[in-house]
Amino acid sequence: MHELITKLYQLALSSHIVSTLLEPVHIVILALPIMTLLLGMIILTIQLRTRQTLSERNLISTYSFI
C-alpha cells in the first residue's frame with residue numbers, strides 16, 4: 001500500500017496536477033485577509049451610521065465574527 005501511495009505521489013508531482021490544484025488555494029490564502037478587512041470596514045461603517053458611535057469592544061467582536 002505504501003508503494004502505491006508513493007508512486008501516485010510521484011506521478012502527481014511529475015504531471016503538475018498538484019500545482020494546478022493548489023493554485024486556487026494560494027490565491028484564496030493571499031486574498032482572505034484583504035477581503036476580511038474590506039468586509040469588516042463595510043459592516044463597521046453601517047454600524048457607525050446606525051449607532052453613531054463604535055466602542056473598542058464592538059470593533060473587536062465584529063471583526064472576530066467575520
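The values are calculated or read from the model by the stated rules, or taken from the named source; none is laboratory data. Small disclaimer: the values here were computed from a predicted structure and weren't measured. All Cβ positions, glycine included, derive from the backbone under ideal geometry; neighbour counts span all protein chains shown.
Based on this model, can you work out whether Thr50 counts as in contact with a helix residue (DSSP H, G or I) (Cβ under 8 Å, 6 or more places away or on another chain) and assigned to a helix (DSSP H, G or I)? So Thr50 fails the test. Note on region 1-19: residues that are at pLDDT below 80 and surrounded by 10 or more Cβ atoms within 10 Å (Cβ to Cβ) total 11. Within region 49-66, the set of residues being farther than 16 Å from Pro33 by Cα and loosely packed, with under 13 Cβ neighbours inside 10 Å comprises Arg49, Thr50, Arg51, Gln52, Thr53, Ser55, Glu56, Arg57, Ser61.
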